[in-house]
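Report on one structure; see the data block that follows.
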Amino acid sequence: MKPPRPITPSIGRQILEIVTAGMYSDPRMVYREFIQNAADSIDVATDAGLLKEGEGRIAITLDGERRIISVEDNGTGIPADEAEEKLGSLGNSAKEGTAQRGFRGIGRLGGLAHCDLLTFETRTAGSSEVAIVEWDGKALKATVLTGGKRESLADVVRRIARVNYRNATKDDPAHFFRATMHNVHRFHADLLMNAEAVREYLGQEAPVPFDNSAFKFGKELEEYLAAVPGFRSYDVRLNGLKIFRPYADTFEINDTTHDRIKGIEKFELKNSDGTLLGRGWYAKTSLLASLPRRCAMRGIRIRQGSISVGDEYLIEDAFTERRFATWHIGSIEVTQSLRPNARRDGFEETPTYERFLEQTALFGRHLSKLCRTESKRRVAEASVQKKLAQIEAALNMDFFVDEDHRDHSLKGARKVLADLAGGNTCPVPEEFESRLKGLHRRLEKLQGEPLLLAARLDNRKLQHVNGQDLLQRVCKVILKCGPGGDRMVRQVVKPFLKTV
């Protein structure tokens, strides 16, 4: 029997297909990957004193006519002698084990599946040289189409990627990194080149600030979330326009209904050893219904390093009903003790993530209870509204037909008012208290006023009215009152009908 020996792996070109075309369900995720790397570079530059706090810039340019997308930052850049190694490799990131967001070394290639050529240009402070690494998307696609041809990953990379250098010009920033997608493919809704769709996506996914002019709680939340390591916001601009988080004081439920954020609740998630797992917040709203998809604020978003992980349904299992996940507005900024998966649509399964799920389960049950409580309150309020309207209709009569009619109406009104006052049916909301008191006063006043029909009738006018004509007029009025009129007419005229 032969002794065991190590396996010599053969890593094929399909790996490159997986990390480009197969990684992301939404093509706009390539923006998130570029911005994630840009934010890391700006952090390093800021910590090193190369930039002052807040001086970092990320500029995204969409050139629809030439079908070009570029994402540029003023971070540290990559030294020219390291560009080939860092930008020409896969899954070999130097960030692993650091506090930076990107750590797998594959996200920057996500754009390769959506363009003919992907280029990276970079320069570090004090360098007179710009390094350029190019990845040929057309050549990669041709490789995929060759089908059965076996080729190693290294062979493919050598064939489709190349590095060169040029002297820096006066137009080049002192230090920068620029990713450019050339001849971006037009597919389906052309999301990558749709400025409106990209802006909406980045407002939710990218590490951008709150818009304090639209959302009065923005500054308070920025200060509260700043205690979570890695939380920062950046100046990200799309074709020159600054991007903000989508939160605002008011929002739309449907075409006819709007709601507003009345306040916010802040909370912390802790690990079993008491260390911080994250800080979050949720908005106090009327909880009228599930927010529509077009409302970018909907859901409790999970973020790490200010960048989204998953979508509004990431913690849907925490709610007692899935629909409640989109009734709320808020977010949770988690620490780097949680590790996002490669697609960044969830987290790797670890004991820390298990603790996170336990904490969010408690949180989700709390939010679900708020939904149910608010729903019950609205039902109760509608019931009170209906009862008050019924009493008002009964007490606002100009007259009663006779004493029986009066006694029956007032007795019914007294009973309903007593039930409402005693809370026997449902609590009366504070805003209805004044109406309730007014009805009590009206009822007391009616006790001493007969207001009977006989006292209101003008007998002089009745002398000139034929009984049959009067009965017909009464029946016509009853018929106009709506369903059930026929039955009521029969009851009115029955005593006066001929015996057959």
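Points worth noting:
- Calculated on the Cα set of region 124-221, radius of gyration then Dmax: 20.3, 59 Å.
- The alpha-carbon of K138 sits under 25 angstrom from the alpha-carbons of these lysines, leaving out residues fewer than 8 places away in its chain: K86, K149.
- Over the chain, Cα pairs under 8 Å with separation of 6+ residues give a relative contact order of 11 percent.
- Between the helical axis of 195-205 and the longest alpha-carbon principal axis of the chain there is an angle of about 90 degrees.
- The Kirkwood hydrodynamic radius of the chain, based on inverse pair distances between different Cα atoms, is 28.5 Å.
- Taking the longest Cα principal axis of the chain as reference, the axis of helix 433-447 is set at about 10 degrees.
- Total lysine pairs in region 299-447 at Cα distances under 28 Å, for residues eight or more apart or on different chains: 19.
- Sparse-neighbourhood loop sites, GluC sites (Glu not before Pro) in region 341-420 - DSSP loop, at most 15 other Cβ within 10 angstrom: E348, E349
- Rounded, prolate or oblate (a/c below 1.5 giving rounded, otherwise prolate when a/b exceeds b/c) for region 460-500 by Cα gyration tensor: oblate
- Between R490 and K415, the simple label model (points 7 Å from Cα in the Cβ direction) yields a spacing of 2.7 nm.
- Beta bridges from DSSP with both residues in the chain: antiparallel share about 85 percent, rounded to the nearest 5.
- Potential lengthening of the chain between R66 and R294 amounts to 79.1 nm, from the contour at 0.36 nm per residue minus the alpha-carbon distance.
- Percent RCO, i.e. relative contact order, over region 282-387, from Cα pairs under 8 Å lying at least 6 residues apart: 28
- Two-site FRET efficiency, T350 against N164, from Cβ-Cβ distance with R₀ of 45 Å, rounded to 0.05: 0.60
- Per the Debye formula on identical point scatterers at the alpha carbon atoms of region 266-318, with no solvent, log10 I(q)/I(0) at q = 0.21, 0.25 Å⁻¹ is -0.97, -1.22.
- Principal-axis analysis of the Cα atoms of the chain puts helix 351-395 at an angle of about 20° to the longest axis.
Read-outs throughout are calculated quantities, based only on the coordinates presented, and are distinct from any laboratory measurement. Note that the coordinates shown come from a computational prediction; the quantities given were computed from them, not determined experimentally. Counting neighbours? That spans all protein chains shown, and the Cβs are built from the backbone with ideal geometry, glycine included.
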